[in-house]
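The next block holds one structure in the form of structure tokens; read it before the comments.
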Amino acid sequence: MTFMQDTAAAASCTGTVAIEEAAIVSLVGRNGVGRSTTLKAIAGLVEPDRGSILLDGKEQRGRRIFEIARSGVAYVPEERLVFHNPEMYDFFPALQQRRQAYAGALSGGEQQMLTICRSLLGNPRVMLIDEPTEGLAPQIVVRLVEVIKTIRRRGLAVLMVEQKMTIALDISDRIHVMGHGRVVFYSES
């Protein structure tokens, strides 16, 4: 699956980012280089200025957000817009204890767990995850990393923006380093 091919969104990625089934690819780099905008362009939230966004060879540019989602792309935003989902307990059993709490009253880590579970409801083939560990307690980060690895083992492709290089190196099959709005380096990890 090639997602971005010589594509530019406002302040976003120029270059090629490809991801295979059951793989984790991380976009890393300083703040403001276009990592999050790249995910938003793939999800259809921003329109790239040029280039292609391909899923199984089919152009995604110009499609509506719901059409992109129906094609199997799930977007997990950095902002945790949450709601209750009973199936979440399979991935995060600790949330069972908090099932009576309003989603907005949960901790940041608990909200991140809910957000990932919400994205799995649509049976995606690809998950775009923006800064999943941002602001989370270390023990929650460990659990979240295990869940992302489980998602990969189940055959999903994951394209993740991550600020913490140690986490990206630990779980990624490939890392793309972004600078000045383009992929400047990539490596198999």
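The values are calculated or read from the model by the stated rules, or taken from the named source; none is laboratory data. Here the structure is a predicted model, which is why all the values come from computation and not from measurement. All Cβ positions, even for glycine, are placed from backbone atoms using ideal geometry, and neighbour counts span all protein chains on display. Side chains are part of the model used for accessible areas, which takes the heavy atoms of the whole protein and leaves out ligands, DNA and RNA. Shrake-Rupley method; radii C 1.70, N 1.55, O 1.52, S 1.80 Å.
For the pair Arg174 and Gln100, a Förster radius of 30 Å applied to the C-beta separation gives a FRET efficiency near 0.15, rounded to the nearest 0.05.
Within the shell defined by Cβ-Cβ distances under 13 Å, the residues around Val25 carry a net charge of -2, with Lys and Arg each +1 and Asp and Glu each -1. Note on Val184 and Glu21: the extension gain reaches 56.3 nm, defined as 0.36 nm multiplied by sequence separation minus the Cα-Cα distance. Listed by chain and number, the lysines whose alpha-carbon sits under 25 Å from that of Lys58, ignoring those within fewer than 8 places in the same chain, are Lys40. Taking the Cα centre of region 107-189 as origin and assigning +1 to Lys and Arg Cβ atoms and -1 to Asp and Glu Cβ atoms, the resulting dipole is close to 320 debye.
Working ranking of peptides 99-106, 48-55, 137-144 by packing, defined as the average number of other Cβ atoms within 10 Å per residue, highest first, is 48-55, 137-144, 99-106. When the Cα gyration tensor is reduced to axis lengths a ≥ b ≥ c, the ratio a/c is 1.5 or higher for region 31-172, and with a/b above b/c it is classed as prolate. On the protein heavy atoms, probe 1.4 angstrom, tell me the percent of accessible surface of region 104-189 carried by carbon and sulfur. Carbon and sulfur atoms account for 54 percent of the accessible area of region 104-189.
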